Amino acid sequence: MSPTQKMKTSFAYLLPLILPMVSAQVAHWGPCPEPAVQQSFNLQKYLGKWYEIAKLPAQFEKGSCIEANYSIRADGTIKVYNSEILKGKLRSIEGTAVVQDINEPAKLAVSFSYVTPYTPYWVLSTDYEHSALVYSCTDVLRLFHFDFAWILSRMRSLPPETIQKAKDLFTNSSIDISKMIMTQQQGCDLEL
C-alpha cells in the first residue's frame with residue numbers, strides 16, 4: 001500500500017470520530033498556524049479570574065456568563081476551573097494546565113480529563129490587568145486542523161476598540177476568526 005493510500009485509510013478510520021466534533025468546531029484545511037506568543041509571559045500575573053468576551057464556536061461551551069479561574073496547585077500544576085450558565089443552571093468543570101517548555105511559558109497545555117491528551121493553550125497577548133488573547137489548535141494528519149480562539153477580560157465587558165484590536169491580532173497571525181461570536185455576559189445572576 002502506498003503512503004497516500006495509507007493516509008487515506010487512516011483518515012477513513014478517523015472520520016467517524018472527527019465528524020461529531022466538526023459540527024461545533026471551526027475546521028480549516030492544512031496544518032495549524034504558528035502565531036507568536038506573549039514575550040516574557042508571567043504566569044503569576046495571569047492567574048485569577050478571566051471572563052470570556054468572544055470565541056470561535058466550541059462544542060464544550062454553549063452557555064452564557066462563561067468564566068475561567070486559574071490557580072497554582074501544591075504540585076505546581078495549574079488548576080483550571082471553568083464555569084458557565086446553561087439553561088438556567090450552573091455548569092462547571094475542572095482541568096489541569098501545565099507549562100510544557102520553561103523557555104516558552106506562554107505555551108501552556110490543558111486537559112479536562114485523565115483520559116484525554118493535553119491540548120495547546122497559547123497566550124498570544126495579555127496585559128494581565130484587562131485582556132488576554134488565547135489560541136489553541138490541533139492538527140489532524142497535517143491535512144486539516146481544529147482551532148479555538150478566545151478574547152478574555154478581567155471584567156464582563158471590553159471596549160469595542162479593544163475587541164477590534166484583539167481580532168486584528170488574530171487575523172494578522174493567520175488565524176481565521178470569521179466565525180468568532182460574542183459571549184453573553186449579561187444577566188449573570190447565578191453566583192459562579
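Just so you know, all these numbers are worked out from the coordinates, no wet-lab data involved. Quick caveat, the model's predicted, so the values are computed rather than measured. Here Cβ is always computed from backbone atoms with ideal geometry, including for glycine, and neighbour counts include all displayed protein chains.
Assorted remarks:
- One chain, two ends: Lys49 and Trp29. Fully extended at 0.36 nm per residue, the span grows by 3.8 nm beyond their Cα-Cα distance.
- Just checking the listed ones, Tyr114, Tyr81, Tyr128: in the Gaussian network model of the chain with Cα springs under 10 Å, the one fluctuating most is Tyr114.
- Ordering Ser173, Pro160, Pro57 by the projection of their Cα atoms onto the charge dipole of the chain, which places +1 on the Cβ of Lys and Arg and -1 on the Cβ of Asp and Glu, puts Pro57 at the extreme positive end.
- Long-range Cα-Cα pairs in the stretch 70-125 (distance over 15 Å), rounded percent: 56
- Proxy reagent accessibility, fewest Cβ within 10 Å first, across Ile66, Ile102, Ile163: Ile102, Ile163, Ile66
- Tail beyond 29 Å, pair distance distribution of the chain (Cα, percent): 24
- Cross-linked pairs Lys49/Lys87; Lys87/Lys107; Lys89/Lys165: Cα-Cα separations exceed 29 Å for Lys87/Lys107; Lys89/Lys165.
- When the chain is treated as a Gaussian network with alpha carbon springs shorter than 10 Å, the biggest mean-square fluctuation among Trp50, Trp122, Trp29 belongs to Trp29.
- Considering every alpha-carbon pair of the stretch 29-102, the percent of pairs per 10 Å bin, from zero through the bin containing the longest distance, is 15, 40, 34, 11, 0.
- Per residue, the chain reaches -6000 deg cm²/dmol at 222 nm when only DSSP H runs of four or more residues are counted, each adding -39500 (n - 2.57).
- Taken about its Cα centre, the chain carries a charge dipole of about 420 debye when Lys and Arg each add +1 at the Cβ and Asp and Glu each add -1 at the Cβ.
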